[in-house]
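See structure below.
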Amino acid sequence: MKHPIVIVGAGIVGASIAWNLARRGENVLILDQNGIGTGATARSFGWINANFAETPAYFALRSAAIDAHHEMEAALGPMATRWCGCLWWEDQGAAFDAHVTELAAFGYEAQVVSPPEIARLAPALAAPPDQAIHVAREGGADGEVIAARLIEDAVAQGGKIWIGPKVTGLLRQGGAVTGVATDHGPLPASQVIIAAGEGAAALTGLPMANKPGLILRTRPLPPILGPIIMAPDVHFRQDAEGRIVAGEIFSGDGPGQASITTDPGALARELLRRIRAHLPGQKIEIERLTLGQRPVPKDGFPAVGPMEEGLYVASMHSGITLAPLIGALVAQEIAERSEAPELRPFRPNRLSPRPENILGG
Ligand SMILES: Cc1cc2nc3c(=O)[nH]c(=O)nc-3n(C[C@H](O)[C@H](O)[C@H](O)COP(=O)(O)OP(=O)(O)OC[C@H]3O[C@@H](n4cnc5c(N)ncnc54)[C@H](O)[C@@H]3O)c2cc1C
């Protein structure tokens, strides 16, 4: 019997690849050492957007990914994603104008809005800015909810999941990758897909520059906030259950600042103070803090594609935004053995033409 396609990683990216392959009738086995959606996916801010894309190809990918979220929801039903739009005024002055110009050049559906419109969109804000960029088609998602739903449906369509085994290396035969070595023994595969987030570096040698990030969730509040808020001092949104989800906008590495790595508690208290200043009169209390690593391929862009025969990698930041599209494109490439032109600029071998597999196998 043909061996399964083995997907390493049950975060939102691996889950989406698995779901897209399973619905094409492919035999998939997902492995994760910890659990579904427990890596960066559960520690993410969850802003679905096509901002800061830098290149036309990356903008096109991110913009198409927003559409892919809706296609996924049409197939599986709503997944707690709030299509609430976003108000952005992180920079002011020339930097604000430059951002408006960049978004217009890409053709993004962004509008500059003035205080009355900002007050209409987000009446709870204590101090609306003089101007903000409003993008109505952006949203906020809880990645772990999406990952769990995708895997549930992949399993319903015949896919398999095994939580527990840590993949320790790759099996090779005749110059091709033929499976994975795990702490539970070897597993042969017809194709290995590494969707291990930051773990891709250890398994494939992909050069990465991961970045830590702290996310704070409050206890649920009544619905008080429409759009996602990207203010200069803090980013926050309200999730489907009423929690305010907030992310730090500085890593705290400057002199006198709380550091994310050495004093995340102080950073969280500062975050809380800032959210309370934006939303006065609300009972805002911390429910949960998470510290995560943003998986970032070395040049900042996604790394998606074959690395050698039998081995495919999909590792990226903005995976909450990108996963539905990436999953569909990867499944197309693997199942049809055809190339998705959208992925051409993002091949992993641009970062390391002959990557060394660090762990061997
Ligand atoms: C603070 C923060 C804020 C973010 N904000 C946003 C945002 O606003 N918008 C956005 O789009 N993206 C955002 N991101 C990025 C986004 O969360 C990630 O790009 C995405 O979650 C990556 O998903 P993934 O499935 O590739 O990786 P992960 O979710 O990390 O999943 C990888 C899985 O692989 C497993 N694994 C790893 N190595 C092995 C091994 N050797 N053996 C077995 N299993 C293994 C892990 O256990 C894990 O479950 C943010 C991330 C962080 C940390």
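Between GLY107, GLY175, GLY158, which gets the highest mean-square fluctuation from a Gaussian network model of the chain, Cα cutoff 10 Å?
GLY175
Through the Karplus equation 6.51 cos²θ - 1.76 cosθ + 1.60, θ set to phi - 60°, convert the phi angles of segment 130-142 into ³J(HN,Hα) values in whole Hz; use x for Gly and Pro.
After applying 6.51 cos²θ - 1.76 cosθ + 1.60, I find 5, 7, 8, 9, 10, 10, 6, 8, 7, x, x, 10, 9 Hz.
Can you sort LEU216, LEU21 by how many other beta carbons sit within 10 Å, fewest first? Please report the intermediate quantities before stating the final value.
Working: LEU216 25, LEU21 28.
Going from least to most buried by this count: LEU216, LEU21.
So what are the ³J(HN,Hα) numbers for segment 202-217, from phi and the Karplus equation (6.51, -1.76, 1.60; θ = phi - 60°), rounded to whole Hz, Gly and Pro as x?
After applying 6.51 cos²θ - 1.76 cosθ + 1.60, I find 5, 7, 10, x, 4, x, 9, 10, 5, 9, x, x, 10, 10, 10, 10 Hz.
Enumerate the calculated ³J(HN,Hα) couplings along segment 93-99 in order (Karplus 6.51 cos²θ - 1.76 cosθ + 1.60, θ = phi - 60°), each rounded to whole Hz, writing x wherever the residue is Gly or Pro.
Couplings: x, 4, 5, 5, 4, 5, 5 Hz.
Let's test the formula: R0 of 22 Å, r as the Cβ-Cβ distance of LEU291 and ILE163. What FRET efficiency results, to the nearest 0.05? Show your work: numbers first, answer last.
On the way: r = 22 Å, r/R0 = 1.00.
Efficiency, from the Cβ-Cβ distance: 0.50.
Nearest 10 degrees, 0 to 90: what angle lies between the long axis of helix 319-336 and the longest principal axis of the chain (Cα atoms)?
20 degrees
Sequence gap at least 6, Cα distance under 8 Å: using those rules, report the relative contact order of the chain to the nearest whole percent. Mind showing how you got there, number by number?
Values: 802 pairs, mean separation 92.9, N = 361.
Rounded, it is 26 percent for the chain.
Could you work out [θ]222 nm for the chain from helices alone, using -39500 (n - 2.57) per DSSP H run of at least four and dividing by all its residues? Round to the nearest 500 deg cm²/dmol.
-9000 deg cm²/dmol
List ILE260, ILE36, ILE228 from most exposed to least, where exposure is judged by having the fewest other Cβ atoms within 10 Å.
Values: ILE260 20, ILE36 23, ILE228 26.
Ordered from fewest to most neighbouring Cβ atoms within 10 Å, ILE260, ILE36, ILE228 come out as ILE260, ILE36, ILE228.
For a quick check, take a GNM of the chain with Cα springs below 10 Å and name the residue from LYS160, LYS211, LYS283 with the largest mean-square fluctuation.
Highest fluctuation of the listed residues: LYS283.
For segment 33-134, what's the relative contact order in percent, using C-alpha pairs closer than 8 Å and at least 6 residues apart? Mind dumping the intermediate values first?
Values: 64 pairs, mean separation 23.3, N = 102.
Relative CO of segment 33-134 lands at 23 percent.
Using only the alpha-carbon atoms, how far is helix 12-22 inclined from the longest principal axis of the chain? Give it as 0 to 90 degrees, nearest 10.
Approximately 50 degrees, to the nearest ten.
Amide H neighbours of ILE30 under 5 Å, counting only residues 5+ apart in sequence or on other chains, H built in-plane at 1.01 Å?
The list, which skips near neighbours in sequence, is ILE7, LYS160, ILE161, TRP162.
Quick one: helix 56-76 against the long Cα principal axis of the chain, what's the angle to the nearest 10°, folded into 0 to 90?
80 degrees
Would you please give the residues with an amide H less than 5 Å from that of MET307, counting only those at least 5 places away or on a separate chain, with H modeled from the backbone geometry?
Here the answer is TYR312, VAL313, since their amide H atoms fall under 5 Å of that of MET307.
Out of residues 5 or more away from GLY179 or on other chains, whose amide H comes under 5 Å of its own, with H placed 1.01 Å from N in the peptide plane?
LEU171, ALA189
Mean-square fluctuation check for the chain, GNM, Cα pairs under 10 Å: which of GLY39, GLY164, GLY199 is largest?
GLY164
Every number here is computed from the coordinates shown, using simple stated rules; none is lab data. Predicted, not measured: the structure shown is a model, and the values here were computed from it. Backbone-built Cβ (ideal geometry, glycine too); neighbour counts: all protein chains shown.
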